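K.L.:
Structure provided below as structure tokens; questions to follow.
The values are calculated or read from the model by the stated rules, or taken from the named source; none is laboratory data. Bear in mind that the values here come from a model prediction, so they are computed numbers and not experimental data. Here the Cβ positions follow ideal geometry from the backbone for every residue, glycine too, while neighbour counts run over all protein chains shown. Note: accessible area is taken over every heavy atom of the protein model, side chains too, but ligands, DNA and RNA are not part of it. Shrake-Rupley method; radii C 1.70, N 1.55, O 1.52, S 1.80 Å.
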Amino acid sequence: MSSRAPIGHLGIAAVPLCTNQGCKSFIPSESIDSVYLYFVLKQAVPELQLLGRGATFLEISKTQLENYFIPLPPLETQRRIAAILTEQMEAVEKARKAAEEGLEAARKLTAAHLRAVFESEEAATWKIVTIEEIADTCSGSTPLRSRKDYYNGNIPWVKTGELRDGLIENTEEHVSAVAIAETSLRLLPVNTLLIAMYGQGQTRGRTGLLAVPATTNQACFAILPNPQRFNPAFLQYWFRFSYSRLRSVSEGRGGNQPNLNGEILKAERVPLPTLETQHRIVAELNAKLEATQALIRSLEAQLEAIRALPAAILRRAFSGEL
């Protein structure tokens, strides 16, 4: 029972052992089955957690546990309940592992769909261009925080944490027309592709496609639309495909925080087919990724339901339904 592990973690000793002061040990008498006791206490964890006290870390006292009431049927009934619960919990654990494996596989489908396009024999025949050959680019800025009038408007202002490889329809913060007029901020049009040059965790290299006119901070690299040369969604898919490579290229740049920069991104070489082909590929990938996301949502809901089963099974068991 420490500040790092929540109260209520349980286990049955399979070998003789000692514990530290953070564990409370229950040594069953001849009148109680240890597996039955384990399941009784497992079912009682939410209630036991409420008993925790302590300034530095929460702890349940020995007296509180000794005075805690549990249902105690005859030993034969305890063993029957323990056997049923063991079988059911093993089935739940098997289902949980299968659901987690299915979800992990589903989450890899997006990358597989992108590889199927950009590592194909067809892609090898496409013309290679650099970003600076086909589009104007820029980055944004952060207006002075002390100027409250810069932040009282309704113009979306994108930060890198909001780039999640999808569409950007709104933002956490907004700036005013005054900020646009008095700073280096640039109002970017719909279909501008944004790439995070740096940021926390997995942010660096993530993308966002503007569904509304917006501005950005200085950590966003903007590729302005050029409908005569490229479909911006096709370009976004290319950068999503290139995510790991771009992060690898930028490792070790920027001191403590690796980063991309405008020079790297402007020089990025992109295989660019005809517009007709781009439109076809975007439509195909949109359909496949939409189906993938639906599958992921379904598997996540299934996994959530499975994870809730142990508590439901225990509630039924100790309400006399076994």
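K.L.:
To the nearest 0.05, what FRET efficiency results for R115 and E30 with a Förster distance of 56 Å applied to their C-beta separation?
P.N.:
On the way: r = 62 Å, r/R0 = 1.11.
Taking R0 as 56 Å, the efficiency between R115 and E30 is 0.35.
K.L.:
Full extension from A311 to I12: what is 0.36 nm times the residue separation minus their Cα-Cα distance, to one decimal in nm? Mind showing how you got there, number by number?
P.N.:
Details: separation 299, 0.36 × 299 = 107.64 nm, distance 1.84 nm.
Fully extending the segment from A311 to I12 adds 105.8 nm.
K.L.:
For helix 34-43, what angle does its Cα long axis make with the longest principal axis of the chain, in degrees from 0 to 90 and rounded to 10?
P.N.:
That works out to roughly 50 degrees.
K.L.:
What is the percent carbon and sulfur in the accessible area of segment 180-229, measuring with a 1.4 Å probe over the protein chains and ignoring ligands? Provide the component values of the computation, followed by the final result.
P.N.:
Values: 990 of 2000 Å².
Heavy-atom surface of segment 180-229 belonging to carbon and sulfur, 1.4 Å probe: 50 percent.
K.L.:
Determine Rg/Rh for segment 33-126; Rg is computed over alpha-carbon atoms and Rh is the Kirkwood hydrodynamic estimate from the same atoms.
P.N.:
Working: Rg = 24.7 Å, Rh = 18.2 Å.
Rg/Rh for segment 33-126 comes to 1.36.
K.L.:
Let me ask something else about it. Quick check: Cα centre of segment 120-192 to Cα centre of segment 261-322, how many Å?
P.N.:
26
K.L.:
Working from Cα positions, state the angle (0 to 90°, nearest 10) between the long axis of helix 275-316 and the longest principal axis of the chain.
P.N.:
10
K.L.:
Mind giving me the FRET efficiency for E133 and E173? R0 is 30 Å, r the Cβ-Cβ distance, nearest 0.05 is fine.
P.N.:
On the way: r = 33 Å, r/R0 = 1.11.
Approximately 0.35, to the nearest 0.05.
K.L.:
Could you state the accessible area per residue of segment 68-165 in Å², with a 1.4 Å probe and every protein chain left in place? Intermediate results must be reported in sequence, preceding the final value.
P.N.:
Values: 5990 Å² over 98 residues.
Counting only protein heavy atoms, the per-residue value for segment 68-165 is 61 Å².
K.L.:
Based on the Cβ-Cβ distance of A283 and E122, what FRET efficiency does E = 1/(1 + (r/R0)^6) give at R0 = 22 Å, to the nearest 0.05? Present the calculation step by step, with values, prior to reporting the outcome.
P.N.:
Values: r = 15 Å, r/R0 = 0.70.
The value I calculate is 0.90.
K.L.:
With the cut-off at 1.5 for a/c, could you classify segment 63-103 from its C-alpha gyration tensor as rounded, prolate or oblate? Intermediate results must be reported in sequence, preceding the final value.
P.N.:
Working: a/c = 6.59, a/b = 1.89, b/c = 3.48.
In terms of gyration-tensor shape, oblate.
K.L.:
Same structure again: Which order do the peptides 191-197, 18-24, 180-186 come out in when sorted by mean C-beta neighbours inside 10 angstrom, highest first? Let's see the in-between values first.
P.N.:
Details: 191-197: 25.1, 18-24: 10.4, 180-186: 15.0.
My ranking of the peptides, most packed first, is 191-197, 180-186, 18-24.
K.L.:
Also: Extent of segment 177-322 along each principal axis, from alpha carbon coordinates, in Å, largest to smallest?
P.N.:
70, 41, 37
K.L.:
Rank by packing, highest mean first: peptides 150-163, 61-74, with packing defined as the count of other Cβ atoms within 10 Å averaged across residues.
P.N.:
On the way: 150-163: 19.3, 61-74: 11.1.
Highest-to-lowest ranking by the protection proxy: 150-163, 61-74.
K.L.:
Moving on. How far is helix 232-241 tilted off the main Cα axis of the chain, in degrees rounded to 10, range 0 to 90?
P.N.:
50
K.L.:
Multiply the residue separation of R164 and A95 by 0.36 nm, subtract the distance between their alpha-carbon atoms, and state the gained length in nm to one decimal. Kindly include the intermediate steps, with their values, before the conclusion.
P.N.:
Details: separation 69, 0.36 × 69 = 24.84 nm, distance 3.06 nm.
Full extension from R164 to A95 adds 21.8 nm.
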